[in-house]
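Beneath this line is the structure, given in structure tokens, with notes to follow.
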Amino acid sequence: MKEKKRVYEALVDGAMDGLVGDALYDFVRKRCPRASSKKIVRASLLALSDPHLKDRNILDVIYALAIKHRLDDTTVEDEHNEVAEETKGPCSTTVKDLPPLS
């Protein structure tokens, strides 16, 4: 969740600075080098659903970025990194510690 929040913050900061399109995407990748296209799209959707973000121009820029990169090819490395992060999450250790169901 921390990673998504950092990507979200970079995305909103870049859009507020007037960056659009590829310049915004490059800005986010520079601030969050481990962010895959998929993570950037997810952070974009998070920004679009944020009730505190009300500037129409910023929302339009973020929406355009999400649509443009929605169908980007993900690399094998991106998929591997996401799987590795999911297995490190707190849920996997919490489930192991639960007693078996009767």
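The values are calculated or read from the model by the stated rules, or taken from the named source; none is laboratory data. Predicted model, so just to flag it, every value in this text is computed and none were measured. Note that each Cβ is placed from the backbone with ideal geometry, even for glycine, and that neighbours are counted across all protein chains shown.
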Worksheet item: Looking at Ala43, is it touching a helix residue (DSSP H, G or I) at 6+ places or on another chain (Cβ under 6 Å), within 16 Å of Asp72 (Cα to Cα) and outside any helix (DSSP H, G or I)?
Response: no
Worksheet item: Going through segment 8-28 one residue at a time, which ones are under 17 Å from Asp72 (Cβ atoms) and in contact with a Ser or Thr (Cβ under 9 Å, 6 or more places away or on another chain)?
Response: Leu11, Tyr25
Worksheet item: If you go through segment 1-13 one residue at a time, do you hit one that is modelled with pLDDT under 90, outside any helix (DSSP H, G or I) and surrounded by fewer than 17 Cβ atoms within 10 Å (Cβ to Cβ)?
Response: yes
Practice prompt. Within segment 17-28, identify whether any single residue is more than 15 Å from Lys68 (Cβ to Cβ) and not basic (Lys, Arg), and answer yes or no.
Written response: yes
Worksheet item: Would you call Arg42 over 18 Å from Phe27 (Cβ atoms) and at pLDDT 90 or above?
Response: no
